[in-house]
Amino acid sequence: MTLTLTAKPAADARPVHLVTRESLAGLALDDAARRWVEANGFAGAAGKLLTLPGPDGAVAGALYGVADRGVADRGVAGRRDAFSPLAAGALARSLPDGAWRFAETPDEPELAALGLMLGAYAFARYRKAETPAISFAAPEGVDVEAVRRRAEAVYLVRDLINTPANDMGPQALEAAARALAATHGAQVAVTAGDDLLAQNLPMIHAVGRAGAEAPRLIDMRWGRPEAPKVTLVGKGVCFDTGGLDIKTPSGMLLMKKDMGGAANVLGLAALVMGGRLDVRLRVLIPAVENAISGAAFRPGDVLASRKGLTVEVGNTDAEGRLVLADALALADEEEPHLLIDMATLTGAARVALGPDLAPFFTDDDALAAELAAASAGAADPLWRMPLWSPYDRKLASKVAGLNNVTGDGFAGAVVAALFLRRFVEKAASWAHLDIYGWCPVEKPHCPVGGEAQGIRALEAVLAARYG
């Protein structure tokens, strides 16, 4: 990160004017600056930056184009500008070095400040990041520490997902969880290898037993034992070949991100612990590699599960729901007040909603309403999808309690959620988020690469309930 967010502007901080196509004409500029704007053809288009020269030729300020919320919301024909309160993030990568401030307070100042922080991210583990060194003053009244905490949680998620599988296997994912726990005084227990069988976690063992590193269940706990129980479960498939139902080469290119659910629950855990929410937090991460060897589980195998249900393997590439099922069953035994799982689970979710909009599933209408409102307020897109119970019969098996896939290929994200619901009975409330965990096209607040999805909205819900 090369952007420093400050509570007050430096004495030499230069102003950035956020302008729309419509507001540019009314902006108070002197004649020389107006001629400069016209000479450069700057029209206030969203995402466009123009630096302004001072009398000595040095950069004295900047204009940055943003979409007009009203125009974007009306869907005016021919207009492609999409309003985002995080749009200021591009400034972190495009402004010259030095101190800056907003000339006018943005409409959503805290999100504008967060956008700046998120836009400053660069993954620099393997090569030097070429980003400007900027100091930017947060708008007056913004909680700078809260913004930094949220940005750092997102950075954690992005770093974990962006790290390739040769450096982010089950052992490294465990190390990341232990490092986070040490920062916040949490406890971690790990069950690995054949101990998974002894502790009745057979599906985690079956999926991960072909990997070069032993499969494991990471179990983190934090907070007062008497506080409301909030449990987070994250899919930690550190690489997914598809197993014996092997993926195509192109289908494997992004499979380092198949532990994106685990990365996201660790990011959310960082927000919960950093915000000192009054909960008894538990984080469960089944960390495995879905690899190919003589020990790999096979299509047609029937697996035992922690819950006692038997599962026929219709496809080894639907492994995420298998490891989640054992972890969810374990979590459910504690009867948590709130149980949330996050997973890069189905391509069907991407077909339905694309990469930017993460679907969530829950039978709790009150929780759904809270998540929808928090999603809009945090600019953290989520969309409720149905747990359509009639589709549950698609999971029927002739040889086991259920199959891990359907035969017709329809409603893949819904059916996957219904599969997981089979393993949750005692939790007072449960939600499943089928995230993508990846930004495929650069955005103002995010470069191409790993991305946190839903954790800021979930934090807002948790803070409102338990803050």
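Between helix 412-421 and the chain there is an angle of about 60 degrees, using the helix long axis and the longest principal axis of the Cα atoms. The angle separating the long axis of helix 170-184 from the principal Cα axis of greatest extent in the chain is about 60 degrees.
Over the chain, what is the mean sequence separation of C-alpha contacts under 8 Å (at least six apart), divided by residue count, expressed as relative contact order in percent?
Details: 1070 pairs, mean separation 73.6, N = 467.
Value for the chain: 16 percent.
Using the Karplus relation 6.51 cos²θ - 1.76 cosθ + 1.60 with θ = phi - 60°, the per-residue 3J(HN,Hα) values for region 430-441 come to 9, 9, 10, 10, 9, 8, 8, x, 8, 9, x, 10 Hz, with x marking Gly and Pro.
Work out, step by step, the length gained on full extension between Thr6 and Ala182: first 0.36 nm times the residue separation, then minus their alpha carbon distance; give nm to one decimal.
On the way: separation 176, 0.36 × 176 = 63.36 nm, distance 2.74 nm.
Full-extension gain reported as 60.6 nm.
For helix 144-162, what angle does its Cα long axis make with the longest principal axis of the chain, in degrees from 0 to 90 and rounded to 10? Between helix and principal axis, roughly 50 degrees. Karplus-derived 3J(HN,Hα) values for region 30-44, using 6.51 cos²θ - 1.76 cosθ + 1.60 with θ = phi - 60°, are 6, 4, 5, 5, 5, 5, 5, 4, 5, 5, 8, x, 7, 10, x Hz; glycine and proline are entered as x. Close amide-amide hydrogen proximity is noted between Val279 and Arg224, each under 5 Å apart and 5 or more residues distant or on a separate chain (H modeled in the peptide plane; Pro and chain starts excluded).
Where a number appears in this text, it was derived from the coordinates with a stated rule and is not lab data. Just so it is clear, the model here is predicted, and its values are computed rather than measured.
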